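A.B. asks: Quick one: this structure, given as structure tokens, is what I'll be asking you about.
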Amino acid sequence: MKKIITPITTPLAAGLLVLSLLGTLPFSGCSSTRSKSSQTATIKSPSMAQLRDDLRATRASLNRTTEALNRIPASSSALGEYNNYAKELSALQKLSANSLLNSDNMRDIGNTFFTYWEQETQSIQVPEVREIADQRRTSVQASYNALATPLASAHTRLTDITNLLTDLRKALALDLSAAGISGLHKQTEKATAQSAELAASLENLATEVDKISNALPHPAPASAK
């Protein structure tokens, strides 16, 4: 049966294709004075599966944290629920610090790859072929940047929400009385609502990453190129 390859028609799809290829492309130096061993290096890239897993792990951690926060007011053991909330928040903070949602990481990877592509394009001798390759690079770079935008937005929102959740923990640590907990009710509602909105966005983005990644063709192994 003939295999049907889904065409890549959206900016996000093209951006994901770039990510799937980043780790497979050699970085060849152009200088003739370099040794053969120094002319090739591997371009590091994040895995699409890892990015998807980071998105979903962050969503799940965010939900667990806000659920723990909302159990405190109704609990007969406020201290016990507070300790659970603090534990979940700590896990969320660690996950946020190491997640591929970090926009600087995505930007650095893109800059490395597209610099390589631009340099290698200049070695193409036939002007018409070089022009096609350069146009393709420009198009894919725009698509990659379109992918980076929602990730950067999610990272910023996650930072803001984590800061709010951290401040709530600090306030609760100072006063776990019924009055102290009640006084934080509106801010707790705010944190819960913002977290729910972000969690939904993270799941939608993860679903899109997974769907498009599965539709991408597999690049040829380096030995076959």
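A.B. asks: Order of 78-87, 121-130 by packing, highest average Cβ count within 10 Å first?
C.D. replies: Ranking, from highest mean packing down: 78-87, 121-130.
A.B. asks: Additional query: Using per-residue counts of other Cβ atoms within 10 Å, averaged over each peptide, order 107-114, 202-209 from highest down.
C.D. replies: 202-209, 107-114
A.B. asks: In nm, to one decimal, how far is the modelled label at SER153 from the one at ASP167, with both set 7 Å along Cα→Cβ?
C.D. replies: According to this spin-label approximation, the distance is 2.3 nm.
A.B. asks: If you take the beta carbon distance between SER139 and ASP53 as r and set R0 to 35 Å, what does 1/(1 + (r/R0)^6) give as a FRET efficiency, to the nearest 0.05?
C.D. replies: In this case the efficiency is close to 0.75.
A.B. asks: Measuring from label point to label point, each 7 Å out along Cα→Cβ, what is the ASN204 to ASP160 span in nm?
C.D. replies: 1.6
Every read-out reported here was derived from the displayed coordinates using simple, explicitly stated rules and does not represent laboratory data. Since the model is a prediction, treat every value here as computed from it, not as a measurement. Don't worry about glycine lacking a Cβ; one is built from the backbone with ideal geometry, like all the others, and counts go over all protein chains shown.
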